[in-house]
Amino acid sequence: MGKITHCRIDWVKLTYMKTIIRQFNVDVSEAAEQNLDRYEHFNAFFTRQLKEGARTFVSGDENIASPVDGSVSQAGEITEGRIFQAKGHDYSLTTLLGGEDDWSTRFNGGNFTTLYLSPRDYHRIHMPMDASLREMRHVPGRLFSVSPSTVRTIPGLFARNERVVCLFDTASGPMAMILVGAIFVASVDTVWHGTVTPPTRPDIQTWQYGHDGNYIRLAKGEEMGRFNMGSTVILLYGPQQIQWVSELVADAPVQMGQQIATLSR
């Protein structure tokens, strides 16, 4: 799939673009580049930049913005180290993060939301608030589909799929953004590292930040990464750190930049 989506043969790339646009009702008018011929391959179209003014980020340091366009899979509290996936299914916070350590302790009892990106959505990921990067982990795993129907049936899906875990400190406490891979989504990029995967490694890989001059601070609204094909972002906060807005419920649409939470302190 990676080879197909990076194919530069005109009829191949244009066929895929037009099929996705038609099948998923993609709004090309929001793109910075609307001429399909100018995209070097399908993936360049899939990760297209939005034109200026297409999205507005909620103002105010106390207001947290959606990092993506998509829909809410779930939102709620992390209870006894477990995160709700769907009716009858939950999974381990510790497993999601790649192992037991101080970070899993800091998020236990906090809040999560799971945001699903469909093929029609904008596939760049932006910062929901100002934050300093402390650690990034590549956790190898499966590539199950993350479509709503699959999420309802496969136990522990998000803690089993390949993922990139980005751990931040903010003025109000810890924040994690977990970029979950899926079927056809074997490539995840971040702005500070480039392509994190592939290659897929047999063991968890960890990168540390915030020391020896290796400081990375990103402001609310800045791009932090992208999926090469669509997937899911899981956002985590610590206990009593934030409160989700009442509209953030399962199946609700979200647009990058809209308010999804307010800081509690």
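The values are calculated or read from the model by the stated rules, or taken from the named source; none is laboratory data. Bear in mind the structure is a predicted one, so any value in this text is a computation, not a measurement. In this analysis, Cβ positions are derived from the backbone assuming ideal geometry, glycine residues included, and neighbour counts consider all displayed protein chains.
Numerical summary
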read-out: Phe158 aromatic (Phe, Trp, Tyr) and under 19 Å from Asp102 (Cβ atoms); value: no
read-out: Residue list for segment 148-168, filter: part of a loop (DSSP other than H, G, I, E, B) and surrounded by fewer than 17 Cβ atoms within 10 Å (Cβ to Cβ); value: Arg152, Thr153, Pro155, Gly156
read-out: Arg120 vs. criteria of a type outside the set (Ser, Thr, Tyr), under 30 Å from Lys13 (Cβ atoms), assigned by TED's automatic domain parsing to the domain that holds His211 and surrounded by fewer than 22 Cβ atoms within 10 Å (Cβ to Cβ); value: yes
read-out: Where a residue in segment 231-242 is touching a residue at least 24 places away in the same chain (Cβ under 8 Å) and over 25 Å from Ser149 (Cβ atoms) and its partner, wherever it lies, is surrounded by fewer than 24 Cβ atoms within 10 Å (Cβ to Cβ) and hydroxyl-bearing (Ser, Thr, Tyr), with Cβ under 7 Å and at least six apart; value: Gln240/Ser264; Gln241/Ser172; Gln241/Ser264; Ile242/Thr262; Ile242/Ser264
read-out: Of the criteria (1) under 30 Å from Gln240 (Cα atoms); (2) loosely packed, with under 15 Cβ neighbours inside 10 Å; (3) of a type in the set (S, T, N, Q), which one Ser73 fails; value: (2)
read-out: Yes/no for Arg134 being surrounded by fewer than 23 Cβ atoms within 10 Å (Cβ to Cβ), touching a residue at least 12 places away in the same chain (Cβ under 8 Å) and under 21 Å from Ser172 (Cβ atoms); value: yes
read-out: Tally of residues being over 11 Å from Arg124 (Cα atoms), of a type in the set (D, E, K, R) and part of a strand (DSSP E or B) across segment 185-231; value: 1
